[in-house]
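> Can you read through this structure? Questions will come right after.
What follows is calculated from the coordinates using simple rules that are stated; it is not laboratory data. All figures in this text were calculated on a predicted structure; none of them were measured in a lab. When we count neighbours, we look across all protein chains shown, and the Cβ atoms used for this are built from the backbone with ideal geometry, even at glycine.
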Amino acid sequence: MALNIIRELPHPSELKAAHPLSQELIDIKAKRDEEIKKVFRGESDKFLLVIGPCSADNEDSVMDYITRLRELQEKVSDKILMIPRIYTGKPRTTGDGYKGMLHQPNPAEMPDLKSGIIAVRHLHMRALSETGFSSADEMLYPENYSYLDDLLSYIAIGARSVENQQHRLVSSGIDIPVGMKNPTSGDISVMMNSITAAQHHHAFIYRGCEVRSDGNPYAHAILRGYVNDKGKSFPNYHFEDLYNLAKTYDEKGLKNPSLIVDTNHANSGKHYEEQIRISKEILHSMRHCDEIKKLVKGLMIESYIEDGAQKIGENIYGKSITDPCLGWTKTEKLVYDIADQL
């Protein structure tokens, strides 16, 4: 056979029973969820930063980073609400390469998805219990969301997944904010259709069951830039892009019009240091246009302990093995600068 079954994986209920949350952690997450939802409803003027490594590749360094982030959060808590990126599944353009902690708990070893599922839940639980941070992850595989639905406070749907029917339908049954990225082509209508689908109710098959969703009023846009037919990156974070998206939202009549701007990927051309300038340009646009200020709820920033990226096997502590990230020193300064300009 071309498809070989290796083993049966534990059901989400089994994994949760083996690795349960205390009532204290359940309450912490519920409070965080409500704080974040208030931003999307326009009831809070705090600015969201979905911030952290491109991929959560090492538990020790990720926890080190998040602990630093917790200390920084306390210093800017009057203006900024942080959601750490703990991205444990990574999409690959060609299918090759490191696919995240879910596939490889140890990037230097062979894939082991059973161990990966346990490692991913353990890492998110550590973040919540040790720092009080409920985090963000990318929903690369919709059927896996049930392993983490009691831990996550934010979900991103990637540029390669945003047209997928199952991603859209599952998003409609999630009760936390879900960000829909524009596709790599840059076609904004695709992103808006995905938001529309996620905000509506549906009947569909999920994990072998017939289910019905209520619709997710917190489904929203993420602009991440785009790539043309020659592979060249183009941004979509400029004033005109933000203003036009605000007008598009008005025409669609969607709930809670909201935007998170991804400052890396095609917006920066993967020049990670450009995230600093891009963040400040977006804040400048917000100051000069009420429609943009109302629409933009925050930024997505790729940041880790060390600047840049490395190849698997170089073993530089706290340095990304996927896309290059801002190091901690630059990140800390940028967060203070953002707070000063809000």
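> I'd like the Kirkwood hydrodynamic radius of segment 71-219, using the inverse of the mean 1/r over distinct C-alpha pairs, in Å.
On the way: mean 1/r = 0.0611 Å⁻¹.
This gives a value of 16.4 Å.
> Something else about it: Once you place label points 7 Å from the Cα toward the Cβ at Lys330 and Lys293, how far apart are they in nm?
3.0 nm
> When all alpha-carbon pairs of segment 120-172 are counted, what percent fall beyond 12 Å?
The share of Cα pairs beyond 12 Å in segment 120-172 comes to 63 percent.
> Size of the dipole of segment 13-341 about the Cα centre, Lys and Arg at +1 and Asp and Glu at -1 on the beta carbon, nothing else charged, in debye to 20?
About 440 debye.
> Say the cut-off is 27 Å between C-alpha atoms; which of Lys16/Lys333; Lys230/Lys294; Lys38/Lys293; Lys230/Lys333; Lys16/Lys294; Lys79/Lys181 go over it? Don't jump to the answer; show the numbers that get you there.
On the way: Lys16/Lys333 38 Å; Lys230/Lys294 35 Å; Lys38/Lys293 16 Å; Lys230/Lys333 36 Å; Lys16/Lys294 38 Å; Lys79/Lys181 25 Å.
Table pairs above 27 Å Cα-Cα are Lys16/Lys333; Lys230/Lys294; Lys230/Lys333; Lys16/Lys294.
> Let me ask something additional. Using a Förster distance of 22 angstrom, determine the FRET efficiency expected from the C-beta separation of Gln23 and Ser44, and round it to 0.05. Walk me through the numbers on the way to the answer.
On the way: r = 25 Å, r/R0 = 1.16.
Computed FRET efficiency for Gln23 and Ser44: 0.30.
> How about Lys255: which aspartates and glutamates have a C-alpha closer than 19 Å to its C-alpha, ignoring those fewer than 8 places off in the same chain?
Asp33, Glu34, Glu35, Glu43, Asp45, Asp175, Asp214, Asp290, Glu291
> For segment 13-341, with the dipole built from +1 on Lys and Arg beta-carbon atoms and -1 on Asp and Glu ones, taken about the Cα centre, which of Ala18, Ile83, Ser233 lies farthest toward the positive end?
Ser233
> Out of the DSSP beta bridges found with both residues in segment 13-341, what percent are antiparallel (nearest 5)?
Numbers: 7 of 38 bridges.
For segment 13-341, the DSSP antiparallel bridge percentage is about 20.
> How high is the FRET efficiency between His284 and Ile5 when r is their beta carbon distance and R₀ equals 45 Å, given to the nearest 0.05?
On the way: r = 54 Å, r/R0 = 1.20.
Computed FRET efficiency for His284 and Ile5 comes out at 0.25.
> Which trypsin sites (Lys or Arg not before Pro) from segment 180-275 combine a DSSP loop assignment with at most 11 other Cβ atoms within 10 Å?
Details: sites: Lys181, Arg207, Arg212, Arg224, Lys230, Lys232, Lys247, Lys252, Lys255, Lys270; in loops: Arg207, Arg224, Lys230, Lys232, Lys255, Lys270.
Of the trypsin sites (Lys or Arg not before Pro), the ones in loops of segment 180-275 whose Cβ has at most 11 other Cβ atoms within 10 Å are Lys230, Lys232.
> While we're looking at this one, here's another question. Treating cross-link reach as a plain straight distance, find the aspartates and glutamates whose alpha-carbon is under 14 Å from the alpha-carbon of Lys114, omitting any fewer than eight places away in the same chain.
Partners within reach: Glu8, Glu14.
> Roughly what % antiparallel, to the nearest 5, for the DSSP beta bridges in segment 186-328?
Working: 7 of 16 bridges.
Rounded to the nearest five, the antiparallel share is 45 percent.
> Still on this structure, please answer the following. Between Asp60 and Glu251, what is the FRET efficiency for a Förster distance of 51 Å, r being their Cβ-Cβ separation, to the nearest 0.05?
Approximately 0.60, to the nearest 0.05.
> Right, another one. Which value results when the Cα radius of gyration for the chain is divided by 2.2 N^0.38 Å? Walk me through the intermediate numbers first.
On the way: Rg = 18.9 Å, N = 342, 2.2 N^0.38 = 20.2 Å.
Output field value: 0.94.
> Given the options Ile260, Ile51, Gln73, identify the residue whose Cα lies farthest towards the positive end of the charge dipole of segment 13-341 (+1 on Cβ of Lys, Arg; -1 on Cβ of Asp, Glu).
Among Ile260, Ile51, Gln73, the one farthest towards the positive end of the dipole of segment 13-341 is Ile260.
> Based on alpha-carbon centroids, what's the gap between segment 253-273 and segment 70-146 in Å, whole number please?
19 Å
> What value in Å³ per residue do you get for the convex hull of the alpha-carbon atoms in segment 152-252? Display every interim value, and only then the final one.
Values: hull volume 10.7 nm³, N = 101.
About 106 Å³ per residue, rounded to a whole number.
> P(r) tail for segment 14-98, what percent of Cα pairs lie past 23 Å?
Details: 1417 of 3570 pairs.
Within segment 14-98, distances greater than 23 Å cover 40 percent of Cα pairs.
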